[in-house]
1. Taking +1 at the Cβ of each Lys and Arg and -1 at the Cβ of each Asp and Glu, which of Gly214, Pro166, Leu133 sits farthest along the dipole of the range 79-215 towards its positive end, judged by Cα position relative to the Cα centre?
2. List the extent of the Cα atoms of the range 1-120 along each of their three principal axes, largest first, rounded to whole Å.
3. If the reach is capped at under 24 angstrom between alpha carbons, list the lysines near Lys16, excluding any in the same chain fewer than eight residues apart.
4. Express the accessible area of the chain per residue in Å², computed with a 1.4 Å probe while the remaining protein chains stay in the model.
5. Computed over the Cα atoms, what is the radius of gyration of the range 173-267 divided by 2.2 N^0.38 Å, N being its residue count?
6. Assigning unit charges at the beta carbon (Lys, Arg +1; Asp, Glu -1) and nothing else, what dipole magnitude in debye, to the nearest 20, does the chain show about its Cα centre?
7. Take each complete run of DSSP H in the chain, measure how far its Cα atoms stretch along the helix's own axis, and keep only those covering 24 Å or more with mean Kyte-Doolittle hydropathy at least -0.5; list them.
8. At 10 °C and a viscosity of 1.306 mPa s, what translational diffusion coefficient does Stokes-Einstein give for the range 165-229, taking Rh as the Kirkwood radius over Cα pairs? Give it in µm²/s as a whole number.
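The values are calculated or read from the model by the stated rules, or taken from the named source; none is laboratory data. Keep in mind that what you see is a predicted model, and the values were worked out from it rather than measured. Cβ placement follows ideal geometry from the backbone for every residue including glycine, while neighbour counts extend to all protein chains displayed. Protein only, heavy atoms only, side chains kept; ligands, DNA and RNA dropped before computing areas. Shrake-Rupley method; radii C 1.70, N 1.55, O 1.52, S 1.80 Å.
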Amino acid sequence: MTAHGEVLASLQGVHKRYGAVRALDGVDLELRAGQVLALLGPNGAGKTTAISLLLGLLRADAGQVQLFGHDPQQLAARRGIGVMLQSAALPETLNVGELIQLSASYFPAPRGLADVAALAGIEDLLKRRYGKLSGGQQRRVQFALAVCGRPRLLFLDEPTVGLDLPARQQLWATVRALVAEGTAVVLTTHYLEEAERLADRVCVLLRGRIVSDGSVDALRARVIHRSIRCVSTLDVAVVAAWPGVMQISRDGDYLQLRSDRVESVVRQLLQADPALSGLEVQPAGLGEAFTDLTLSDAAQTQREAA
Ligand code: ATP
């Protein structure tokens with residue numbers, strides 16, 4: 001088994017252009033055993049390019065890409081990975097059990113069929129033709145194919161799109177169990193809740209650069225505001241003018257605020273409305289942290305262009 005924390009794959013100072021487009025602009029990234037790294041970023045940020053380099057599907061213009069200490073284009077290195085991409089072209093006429101056995105045959109020490117089926121929650125699908133399955137069932141089979149080779153490094157690109165909640169939760173539980181055994185996982189997702197639940201580290205890519213790399217909590221801490229919610233009859237326009245109130249809206253009986261000075265705003269709310277009730281203060285979620293980073297990058301770009 002791989003020691004937790006060992007670097008299994010990396011990008012170092014990597015640049016990649018497509019004509020005039022700088023898809024990656026000096027990216028450093030390390031994937032470690034026993035860690036889930038969530039790679040986040042808006043459309044076109046460079047996520048697919050980074051993953052394609054690690055999978056050996058593309059070559060970097062400059063910088064170093066390593067997979068298990070080798071060039072990712074070497075077959076030996078690629079045998080250690082499992083991949084679930086956004087789209088998969090699989091033979092529709094094979095049944096699920098045959099597909100898994102075929103995929104497993106490429107790997108030196110694959111999992112047994114029953115083991116794979118249990119991991120992906122597809123025991124009841126083994127005899128069904130792949131082409132006749134629903135979108136969500138096909139997605140679960142694709143996950144099974146990604147884990148059948150006992151990969152040390154697992155790439156999951158939007159893995160739970162189209163899955164219902166129980167299937168999503170099962171996939172999360174399986175990923176956690178694999179990670180506890182030392183598997184490294186790279187996750188790209190637009191469901192920030194998924195990143196929040198699974199990721200040990202979150203890297204945010206914007207316009208080909210990594211603008212944040214750390215724990216979910218560290219990313220959240222970069223956003224100083226918190227949200228306040230309470231039942232109050234106070235006038236929105238009056239509260240909006242108070243210092244520290246960044247945003248305010250009314251939702252029925254509730255006032256909803258974002259503030260970077262929560263304590264003083266709460267004190268003022270309680271003084272101004274003695275009948276105030278249902279007070280809740282919440283830290284910023286990953287979604288807000290991510291949005292703020294994206295917005296501050298967009299503002300910076302505008303300043304640079306001006
Ligand atoms: P998404 O969330 O939309 O999948 P992404 O973060 O994966 O986006 P990439 O697909 O890596 O982004 O694209 C990064 C940039 O490189 C984008 O500006 C994209 O238009 C450009 N790009 C990607 N592939 C090619 C290509 N084959 N030819 C030309 N430009 C490309």
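1. Comparing the listed Cα positions along the dipole, Leu133 ranks first.
2. On the principal axes, the range 1-120 reaches 46, 36, 26 Å in Cα extent.
3. Excluding near neighbours in sequence, the set is Lys47.
4. Value for the chain: 49 Å² per residue.
5. 1.50
6. Values: 32 positive and 32 negative charges, 159 e Å.
Result for the chain is approximately 760 debye, rounded to the nearest 20.
7. Length and hydropathy pass: 286-305.
8. Answer, rounded: 117 µm²/s.
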